[in-house]
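Here's the structure, in structure tokens; my notes come after.
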Amino acid sequence: MRDARGEVRRPIGLRLWLSGGWLTLLVLGALLAPWVAPKDPLMQDLFLGRMPPFWVAGTEPGYWLGTDSLGRDVLSRILYGTRLALIVALVAGTLTCLIGATLGLIAGYYRGWPDRIISRFVDIWMAFPPVLFAILLIAVLGPGLVSIIIAIVVIDWTRFARVVRAEAMSQGAMDYVASAQVAGRTRFGTMLTEILPNVLPTIVALLTLEMGIAVIVEAILSFVNLSISTDSPTWGGMIAEGRTSVHQAWWVLVFPLITLFLTVLSFSQLGEGLKDRFDPVLR
Amino acid sequence: MMYQVRDLRLSLPDMTRKPLLGSAPRIEILRGLTFDVPRGAVLGIVGGSGSGKSTLGRAMLRLLEPTGGSITFEGTDITHLTENQLRPMRHRFQMIFQDPMSSLNPRRRVGGIIAGPLKLHGMDRLTTRVDEALDLVGLPRSFARRFPHELSGGQRQRVGIARAIALRPDFILADEIVSGLDVSSQAQVLNLLGGLVKELGLTLAFISHDLSVIRRLCNRTLVLHQGEIVEEGETAQLFEAPQAAYTRELLQAIPLPDPYQEWA
């Protein structure tokens with residue numbers, strides 16, 4: 001038999017380039033904020049309030065995306081807000097993924113009573129309206145970065161649990177699982193070495209999606225003033241402030257909104273792109 | 001005797017007829033089977049759909065636990081051993097699955113699929129053993145770096161065979177392994193398996209619904225019908241003078257080529 005098929009390199013898609021590029025830019029912006037931000041994000045200058053962005057006439061040089069009603073630089077505030085947004089996305093997204101995927105995997109693979117317990121919890125959880133649940137949680141825990149992360153994890157683990165459970169169930173019915181038993185692999189070992197690699201593409205896609213959702217939830221909580229203290233700039237906080245003066249200074253609302261939109265979109269596209277690129281099973 | 005099966009019974013709960021409360025009624029799938037598999041035999045297990053032949057195979061490999069009777073493998077009663085007790089002896093009886101796509105983990109390379117069971121049983125020289133197994137089933141060694149979806153159906157089934165023989169088992173169960181293949185791949189896989197049985201001195205149980213496939217390969221045949229053995233004997237004899245009505249029915253179902261037929 002001939003073996004003509006070499007290693008076929010798949011090109012990195014445009015999707016992966018664009019989403020990866022935007023997220024890299026954000027990470028750099030967040031890390032280097034003290035050096036690249038043109039102004040102090042908290043510095044107020046009432047004489048420079050509501051300056052339009054640089055391409056509109058009547059601006060002060062150095063304020064690229066204009067200023068808000070208190071004269072704070074919008075670009076610098078977005079850059080500093082990126083820090084919080086990314087921390088929340090990474091930490092909350094990863095924790096949610098770990099907890100949800102583990103429970104889903106156990107429920108889907110072991111079935112029986114672990115499945116009954118976990119599934120009942122998921123059903124109960126899903127009956128709560130998520131945003132109200134988050135607001136309630138923050139109100140109890142008190143605002144702060146840790147509370148935001150806890151709230152996101154507590155609300156969203158069910159998303160992972162449900163999807164991963166279904167996926168693990170369908171994989172568990174495959175013959176390669178029986179084959180692992182014939183080979184003498186333990187139940188637990190089979191779950192980790194046979195099932196998990198096959199559920200992983202789904203988990204990665206969900207994880208990136210979840211990171212986007214975490215950014216949104218943080219923005220929502222900032223919007224209703226339940227995120228971290230008003231001193232540190234957040235995208236949601238900026239959107240909330242911008243909303244009040246949208247007729248006089250649209251840029252205060254629009255720029256953080258665009259940043260938020262692009263970030264959430266990039267996270268979800270990153271997941272799809274990674275799947276296309278690294279999943280050995282061509283679809 | 002490699003396998004001694006005595007009055008083997010197996011029933012599974014029928015979830016489709018489960019009442020709202022209480023337990024589901026059980027369906028008797030195997031109703032008391034008694035037979036032996038001598039060392040070095042190639043035993044054909046034949047029967048129609050729903051005759052219990054796959055269930056019998058899975059019970060012999062203890063993927064299912066029998067509800068009655070006993071299975072003795074090389075003198076050890078394995079009927080009710082726990083998975084932990086079975087694990088050290090699992091390398092001695094292996095299985096080749098019906099569907100070569102779903103029985104190979106799609107996200108592992110062929111080399112890993114064959115080496116996985118070897119690693120579990122603490123064998124050394126993994127690459128050498130994988131290469132040997134690929135040689136035996138007539139696949140190029142470079143296939144070790146491929147994923148299952150990059151192979152044809154016949155090639156995948158050879159990987160399934162390679163995985164089973166790499167452990168050098170005493171017994172292999174082949175469950176309908178050619179039913180998903182086209183006729184020429186079927187012939188190749190059957191020839192290969194027949195050759196391996198002789199070369200490695202294997203004992204083989206070959207499950208099929210197709211008597212013509214059984215005739216090529218097996219020296220003894222067991223005919224199953226609705227969970228019971230209706231006939232057992234030398235394959236040649238069974239084809240010459242079938243005793244049970246069901247066996248005659250199966251024999252008549254074999255399509256014979258008619259050399260005198262014209263296309264006109």
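The values are calculated or read from the model by the stated rules, or taken from the named source; none is laboratory data. It should be emphasised that the depicted structure is a prediction, and the values quoted were computed from it without experimental measurement. Cβ sites come from the backbone with ideal geometry, for glycine too, and all protein chains shown count toward neighbours.
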For region B:137-154, give me each residue that is surrounded by 18 or more Cβ atoms within 10 Å (Cβ to Cβ), over 17 Å from A:PRO280 (Cβ atoms) and either modelled with pLDDT under 90 or more than 9 Å from chain A (Cβ to nearest Cβ) (or both).
B:VAL137, B:GLY154
Taking region B:155-189 and keeping residues at the interface with another protein chain (Cβ under 10 Å from one of its Cβ atoms) and under 19 Å from B:HIS209 (Cα atoms) leaves B:LEU173, B:ASP175
Which pairs have Cβ atoms under 9 Å, sit 6 or more apart or on different chains, and link a residue in region B:20-34 that is at pLDDT below 90 to one that is surrounded by fewer than 13 Cβ atoms within 10 Å (Cβ to Cβ) and among the hydroxyl-bearing types (Ser, Thr, Tyr)?
B:ALA24/B:THR16
Residue in region B:172-179 that is more than 14 Å from the chain's Cα centre (by Cα) and either in a helix (DSSP H, G or I) or at pLDDT below 90 (or both) present:
no
Just for helices (runs of 4 or more DSSP H) wholly inside region A:153-223: which have at least 2 residues that are hydroxyl-bearing (Ser, Thr, Tyr) and either facing chain B (nearest Cβ under 10 Å) or out of contact with any Leu (no Cβ under 9 Å at 6 or more places or on another chain) (or both)?
A:175-182
Any idea how many residues of region B:71-118 are buried (at least 16 other Cβ atoms within 10 Å of the Cβ), over 16 Å from the mean Cα position of the chain (by Cα) and of a type in the set (Ser, Thr, Tyr)?
2
Test B:LYS53 against the criterion of being over 16 Å from the mean Cα position of the chain (by Cα), among the basic types (Lys, Arg) and more than 14 Å from every other protein chain (Cβ to nearest Cβ), and give yes or no.
no
Taking into account only those residues within region A:65-77 that are within 14 Å of A:VAL254 (Cβ to Cβ) and in a loop (DSSP other than H, G, I, E, B), which is nearest to the chain's Cα centre (by Cα)?
A:LEU65
From the residues in region B:10-69 that are among the polar types (S, T, N, Q) and within 22 Å of B:PHE171 (Cα to Cα), which one is surrounded by the fewest Cβ atoms within 10 Å (Cβ to Cβ)?
B:THR34
Among the residues of region B:87-109, count how many are facing chain A (nearest Cβ under 7 Å), touching a residue at least 40 places away in the same chain (Cβ under 8 Å) and within 19 Å of A:PRO197 (Cα to Cα).
5
Can you name every residue in region A:226-273 that is in a loop (DSSP other than H, G, I, E, B), touching a residue at least 60 places away in the same chain (Cβ under 8 Å) and of a type outside the set (Ser, Thr, Tyr)?
A:LEU226, A:ILE228, A:ASP231, A:PRO233, A:GLN248, A:ALA249
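Residue-by-condition table, conditions (1) surrounded by 13 or more Cβ atoms within 10 Å (Cβ to Cβ); (2) acidic (Asp, Glu); (3) outside any helix (DSSP H, G or I):
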| position | (1), (2), (3) |
| --- | --- |
| B:GLN188 | yes, no, no |
| B:LEU222 | yes, no, yes |
| B:GLN243 | yes, no, yes |
| B:THR247 | yes, no, no |
| B:LEU256 | no, no, yes |
| B:GLU262 | no, yes, yes |
Scope region A:193-230; condition closer than 25 Å to A:PHE133 by Cα, modelled with pLDDT of 90 or more and charged (D, E, K, R); matching residues:
A:GLU210
From B:GLY160, B:GLY195, which residue is in contact with a Ser or Thr (Cβ under 8 Å, 6 or more places away or on another chain) and assigned to a helix (DSSP H, G or I)?
B:GLY160
